[in-house]
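Asks: Sharing a structure below in structure tokens format, with a few things to ask.
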């Protein structure tokens, strides 16, 4: 028997309970992994509240790192004793040990510790597909402006550094002067405190009225309308989260009126649907981290038993960078 976090109904952090579970042997195509560290992400909140509904009872958590204990038939890229990490469906990383599909589990380089791996897999792979695979129709060249909301969060701080390495001028938004300073220290070219500044006007000022080629937005409802107004003609609006709530329905004609804009809703799990794609993206992430171009900021740690406290801190926007649950 081992411990795992489970919900029996959707709701607040208090719905998460530690339960004893029986973890068996991996089936074909699966691995059993003993976690050393677990990542915390906003998608975990969406699962807990039912915004992204799961079949109940459900286990939570999409990101972790640890040691492979056993592999099922057909798994050839991992073996018992390997250090490994993942961002993967189905949920279940909030646990001491789990059995899961091997597709998105990758071998972890020795140079990257377990806490760093657990803090960077989902967030780093997200930054990778945003900056490298989700680009405006006119492309991105060195010197181009991009707008990135929640720039002091886990994905945001990775994106700030990666964008700088790519030669992009990232304009980040955050909810305090301290968070703005953190974004700037991590490579953002400009930072806007949206609580006391009009981010649309500031973006226009920074870009001399031209707007940005692309907006990367994980906030959702609160930033949607303003984000569209920040785009230059043929710009791309990339939605990849709903931290402030889902974006309400809108008339597609507004995209024409604002400059023939493009809109896309992205999810990481479409990008990592195959083992080959997952491995290629992870290799690129490992490379920029090991080179020092991207550093992973772990600003908070909570014991797995204190996961409710961790969720409260995340939802109230008290966290910066990445948060790790320790086993």
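Taken together, the values in this text are just the output of simple stated rules run on the coordinates, not laboratory data. From a predicted model like this one, the values you see are computed outputs, not experimental measurements. So basically every Cβ, Gly included, is an ideal-geometry build from the backbone, and we count neighbours across all protein chains shown.
Asks: Relative to the longest principal axis of the chain, what angle (0 to 90°, nearest 10) does the C-alpha long axis of helix 275-291 take?
Replies: 70 degrees
Asks: Sticking with this structure for a sec: Whole angstrom only: what separates the Cα centroid of region 53-75 from the Cα centroid of region 255-305?
Replies: Each part reduced to its Cα centre gives a spacing of 19 Å.
Asks: Ok, one more. Residue 89 to residue 208: FRET efficiency via 1/(1 + (r/R0)^6), r the Cβ-Cβ distance, R0 56 Å, to the nearest 0.05?
Replies: For R0 = 56 Å, the calculated efficiency reads 0.85.
Asks: List the relative contact order of region 199-259 as a percent without decimals, with contacts defined as Cα pairs under 8 Å and 6+ residues apart.
Replies: It comes to 35 percent, rounded to a whole number.
Asks: Also, quick follow-up: Could you check which residue among 123, 221, 213 shows the biggest mean-square fluctuation in a GNM of the chain with a 10 Å Cα cutoff?
Replies: 221
Asks: Also, quick follow-up: With n ≥ 4 as the cut-off for DSSP H runs, can you work out [θ] at 222 nm for the chain, using -39500 (n - 2.57) per run divided by the number of residues, rounded to the nearest 500?
Replies: Counting only the DSSP helices, I get -8000 deg cm²/dmol.
Asks: Suppose each label sits 7 Å from its Cα in the direction of the beta carbon; what would the residue 301-residue 135 distance come out to in nanometres?
Replies: 3.9 nm
Asks: Still on this structure, I have one more. Taking only Cα atoms, what is the 0 to 90° angle, nearest 10, from helix 154-165's long axis to the longest principal axis of the chain?
Replies: 60 degrees
Asks: I need 322, 218 ordered by Cβ neighbour count within 10 Å, fewest first.
Replies: 218, 322
Asks: Same structure again: Which of rounded, prolate, oblate describes region 268-314, given a ≥ b ≥ c as roots of the alpha-carbon gyration tensor eigenvalues and a/c under 1.5 marking rounded, otherwise prolate only if a/b is larger than b/c?
Replies: oblate
Asks: For residue 317, put the label point 7 Å out on the Cα→Cβ axis and report which residues of region 157-178 keep their amide N under 20 Å from it.
Replies: Zone members listed by number: 157-160, 171-178.
Asks: Tell me, what is the percent relative contact order of region 135-265, built from C-alpha pairs under 8 Å that lie six or more residues apart?
Replies: Reported as a whole number, the value is 22 percent.
Asks: Within 10 Å of each residue's Cβ, count the other Cβ atoms and sort 297, 311, 149 from fewest upward.
Replies: Least to most surrounded, the residues fall as 297, 311, 149.
Asks: Quick check on the exposure proxy: order 62, 121, 16 from fewest to most C-beta atoms within 10 angstrom.
Replies: 16, 62, 121
Asks: Let me ask something else. Just subtract the alpha-carbon distance of residue 279 and residue 25 from 0.36 nm times their residue separation and send over the number in nm, one decimal.
Replies: 89.0 nm
Asks: I would also like to ask the following. So what is the relative contact order of the chain, in percent, for Cα pairs below 8 Å that sit 6 or more residues apart?
Replies: RCO, the chain: 18 percent.
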